[in-house]
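Since the structure comes first, as structure tokens, the remarks are kept for the end.
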Amino acid sequence: MQASGLFMRRLLEEWRYQWGVVKSVLDWTIVVYLVIPLVIAAPFLYVDMWQYSQLYWNAAIPYPVLLVLILSLSASGNIRTFLKEADLLYLLQKKEILHPFKRYGFLYSVAGSVAVAGVAILVLLPLFKGIYGLAAMELFSLLFLVVAFRLLFFTVKKFTSRVLVKSVMFVFLVLASVSLAATGPIASGLISLCVIGFLILFHLKQVTKANRWFTKELEIERRERVRYIRLILTYSMEVEKSSFNQRNSPLLFFKHSQRLFKKGRSREDGLLDLLMKGFLRGSYMKLYIQMTLVTTSAIIVFPVWVKWLVFVGFVLFLRSWLKSLYGKMLDAPFFAVVPYDEATAESVWPRFKRILVVPAVGLTGVLVVVLSFVVWVG
């Protein structure tokens with residue numbers, strides 16, 4: 001058995017598995033009504049971006065903002081080894097096969113990082129050239145910078161599983177990358193190349209020969225193998241995604257379970273109190289904040305006419321989402337023990353909706369009006 005042959009078999013097996021996952025979602029209706037129109041429209045949209053780049057990006061946004069966005073999107077992924085649990089029995093004992101096998105996996109990850117960075121820069125090339133006027137040297141420097149950032153962050157994720165450590169390192173690496181990009185294309189490109197070269201040598205000479213990370217590498221492989229499945233399940237409306245909180249008390253909100261509406265003691269106030277506490281304590285609050293932040297970012301970044309489309313779409317989606325969420329929360333097993341009547345639920349719905357819609361819509365609405373006014377006056 002040779003390491004190169006084993007690696008190619010594992011790689012082809014991985015590609016076939018992931019393609020099978022994708023095919024399970026792409027039925028003929030999605031292919032006909034979504035995939036084919038997108039494939040046909042993509043070249044025309046790309047040409048249109050070259051001609052009217054200001055319609056796709058706000059020229060007033062500084063270049064570092066776009067760089068932070070690229071780095072944030074490129075942070076997903078890991079250094080692949082394509083190891084399996086069964087390798088503990090045999091391959092772990094065969095260092096002459098295991099070590100080169102892991103090297104092939106690392107080199108594949110490096111090649112994937114270069115490909116991802118190259119595709120991202122190619123897609124956004126109309127913005128780089130049309131709005132920021134980047135030259136060829138600056139684009140190559142950006143390519144090296146993104147690849148260095150990915151490899152550094154992948155190395156951090158390989159050595160630690162702590163969310164706090166990874167979050168702090170991500171912020172630090174983003175700030176360091178933005179600062180490095182500000183030094184100029186020559187210095188940024190050379191330093192990025194040195195970082196890439198050092199990481200490649202470090203992994204090939206040290207990490208791939210160490211077996212103490214074997215369990216961590218298996219964990220990474222398990223997550224990477226099901227990444228598309230988790231993505232599909234996350235956005236599938238037909239799959240119930242219940243979250244379980246094992247804490248004895250809430251982390252932030254209402255640890256002592258005080259009433260939210262102390263002035264009222266009616267059934268409506270009691271039901272609304274329970275629903276709001278469930279919303280704030282569960283994962284719904286996190287999703288609510290994420291949607292608001294994403295919408296706010298889109299309103300800041302996109303041109304005026306897109307800002308208003310995003311705002312209107314957000315308002316319609318938020319109302320529909322809250323309506324669906326309201327019904328789901330009322331179907332919770334808790335209300336089988338503490339029943340409610342339909343009249344009470346109908347009267348509580350407008351108040352529940354108003355409490356959650358007003359802050360998000362008010363924030364995004366004020367923002368879109370102010371930014372539109374600034375653009376029109378300017």
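Quick notes
- Qualifying residue in the stretch 276-292 (condition: under 23 Å from the mean Cα position of the chain (by Cα) and small (Gly, Ala, Ser)): yes
- Looking at the stretch 288-378, the helices (runs of 4 or more DSSP H) lying wholly inside it that each contain 3 or more residues that are more than 15 Å from Leu271 (Cα to Cα) sit at 304-330, 342-377.
- Residue check for Ile191: assigned by TED's automatic domain parsing to the domain that holds Leu125, within 13 Å of Val114 (Cα to Cα), crowded, with 16+ Cβ neighbours inside 10 Å and at pLDDT 95 or above: no
- Unique match (being within 27 Å of the chain's Cα centre (by Cα) and modelled with pLDDT of 85 or more) among Tyr17, Tyr33: Tyr17
- Single residue of the stretch 130-144 satisfying the filter (part of a helix (DSSP H, G or I) and free of Cβ contacts under 8 Å to residues at least 60 places away in the same chain) that is farthest from Ser179 (Cα to Cα): Ala136
- For Arg351, the stated conditions do not hold, so it cannot be described as surrounded by fewer than 15 Cβ atoms within 10 Å (Cβ to Cβ), basic (Lys, Arg), farther than 30 Å from Pro62 by Cα and modelled with pLDDT of 85 or more.
- Residue count for the stretch 199-210, restricted to those that are modelled with pLDDT under 90 and exposed (fewer than 13 other Cβ atoms within 10 Å of the Cβ): 3
- Any hit, the stretch 310-324, residues being more than 20 Å from Tyr284 (Cβ to Cβ) and either in the same structural domain as Leu55 (by TED's automatic domain parsing) or surrounded by 15 or more Cβ atoms within 10 Å (Cβ to Cβ) (or both): yes
- Residue among Val47, Val32 that alone is in a helix (DSSP H, G or I), more than 23 Å from Phe128 (Cα to Cα) and out of contact with any Pro (no Cβ under 7 Å at 6 or more places or on another chain): Val32
- Every condition in (1) modelled with pLDDT of 85 or more; (2) under 30 Å from Asn58 (Cα atoms) holds for Val301 except the one numbered (1).
- Within the stretch 86-109, no residue that is outside the structural domain of Ile200 (by TED's automatic domain parsing) and within 15 Å of Thr155 (Cβ to Cβ) sits with its Cβ atom under 9 Å from a residue that is of a type in the set (Phe, Trp, Tyr) and surrounded by 20 or more Cβ atoms within 10 Å (Cβ to Cβ) at 6+ positions apart or across chains.
- Single residue of the stretch 73-102 satisfying the filter (in contact with a helix residue (DSSP H, G or I) (Cβ under 7 Å, 6 or more places away or on another chain) and polar (S, T, N, Q)) that is surrounded by the most Cβ atoms within 10 Å (Cβ to Cβ): Thr81
The values are calculated or read from the model by the stated rules, or taken from the named source; none is laboratory data. Given the structure is predicted, the values throughout are model-derived calculations rather than measurements. For neighbour counting, all protein chains shown are included, and Cβ atoms are generated from backbone atoms with ideal geometry for every residue, glycine included.
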